[in-house]
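Contents: one structure, followed by commentary.
No value in this document is a laboratory result; all are computed from the given coordinates. What you see is a predicted model, and the numbers here were worked out from it, not measured in a lab. Here the Cβ is made from the backbone with ideal geometry for all residues, glycine too, and neighbour counts use every protein chain on show.
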Amino acid sequence: MHNAYSQEIGPAMPGWSARPWPGRGPMEGDHCRLEPLDASLHADDLYAAYHLAPDDRDWTYMSSGPFPDRASYQTYIGQASASQDPCHYAVIDRTSGRAVGSLALMRIDPGNGVVEVGHVAFSPLLQRTVAATEAHYLLMKHVFDELGYRRYEWKCDSLNARSRRSAARLGFTFEGIFRQAIVYKGRSRDTAWHSLIDSEWPARRAALERWLVPGNFDEQGRQIQPLDAMQDRIPPVRR
């Protein structure tokens, strides 16, 4: 597309308006539920769940933690619960009814329809489970289908290999490295950027929904078809 001066410009956005702020109601799945983080409801469950880990490696690339005692975690979760941006959600296991992790929407930009997922803190009770993937699916669905955002971002320390693998598995596109972007925990961070945009979401949603069907798991709950294989079958979106 070109303007009156023959300069190439981006696609027009007729009728575009600012998107709503992320909702605070529950998001229900088959394996988990997302609900607004509440220190009075979730602190005990989450503190206990995180301390099932044998060491503190899960906090290495987080801006917060680890929390050496209940008081320090209570202070953190009190502040997180009151925050509007980041907007934190607890992940509730549907079987036990207990909070087993949390994640957040952050850097919320309604005017441009852009939001980032971050502060992903999944306890050993949630890691590598169907509920962990479903939690991400529920938040993506809220952002794209219910709020109508255009861009969903995933950023992490470029050295955080596990986070980068998770982004790829969920269907995010790697966009590059921002060098020396942040100083945290007394060290420099190069930040890896990933994104998912609205034109890609229908195919990514279909892959996630195919993966989540009960028939994709054996009697022991092990996946039959991996999610990344389903994502690989999706052709790239042409713009």
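The table for this structure:
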quantity: Cα gyration tensor shape for the stretch 14-82, rounded if a/c is under 1.5, else prolate or oblate; calculated: prolate
quantity: Highest-first arrangement of 19-26, 196-203, where packing means the average Cβ count within 10 Å; calculated: 196-203, 19-26
quantity: Rounded tilt (10° steps) of 201-212 against the dominant C-alpha axis of the chain; calculated: 30 degrees
quantity: Selected from 226, 11, 68 as most flexible by GNM, with the chain as the system and alpha-carbon contacts under 10 Å; calculated: 11
quantity: Cα-based shape type of the stretch 80-205, given that a ≥ b ≥ c are square roots of the gyration tensor eigenvalues and the cut on a/c is 1.5; calculated: rounded
quantity: The stretch 1-33 and the stretch 144-175: distance between their alpha carbon centers, rounded to Å; calculated: 16 Å
quantity: Two-site label geometry, residue 71 and residue 52: point separation in nm, points 7 Å out along Cα→Cβ; calculated: 2.8 nm
quantity: Highest average packing first - 69-79, 104-114, Cβ atoms within 10 Å; calculated: 104-114, 69-79
quantity: Spin-label model distance (nm) - residue 94 vs residue 188, 7 Å beyond Cα toward Cβ; calculated: 4.7 nm
quantity: Rough spin-label spacing in nm, given labels placed 7 Å along Cα→Cβ, for residue 206 and residue 145; calculated: 1.4 nm
quantity: Using alpha-carbon coordinates, inclination of helix 130-141 to the longest axis of the chain, degrees; calculated: 40 degrees
quantity: Gap separating the Cα centres of the stretch 87-115 and the stretch 60-79, nearest whole Å; calculated: 17 Å
